[in-house]
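One structure is given below, encoded as structure tokens.
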Amino acid sequence: MPPIIDPSKCVGCGTCADICNSNIFVFDRAVDKMPRVKFPDECWHCDSCVIDCPKGAISLRIPLAFTLLHINADELKEDR
């Protein structure tokens, strides 16, 4: 799932586009007021854009498969 840019917070600095290793953002300062997410499927959910955004205008929706954690049920059993 792609990053979400809050237009009410974004100041159009382009930090997200500059630091994204996957190049998912498109931002032409001469044309755009704020970056656009052009390649949403390429996002690695590394959180770089969220962390480096000076205005906190970006959030990530982490896919459910990324949030699931496998736990071996045998390890949860109490010793009796």
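Which of the residues spanning the range 2-55 are on the phi > 0 side of the Ramachandran plot and either among the hydroxyl-bearing types (Ser, Thr, Tyr) or open to solvent by 40 Å² or more (accessible area, probe 1.4 Å) (or both)?
Residues satisfying the conditions are Asn23, Asp47.
Condition first: among the polar types (S, T, N, Q) and modelled with pLDDT of 75 or more. Now tell me which residues in the range 32-80 satisfy that.
Within the range 32-80, Ser48, Ser59, Asn72 meet the criteria.
The values are calculated or read from the model by the stated rules, or taken from the named source; none is laboratory data. Please read these numbers as outputs of a predicted model, since none were measured by experiment. Side chains are part of the model used for accessible areas, which takes the heavy atoms of the whole protein and leaves out ligands, DNA and RNA. Shrake-Rupley method; radii C 1.70, N 1.55, O 1.52, S 1.80 Å.
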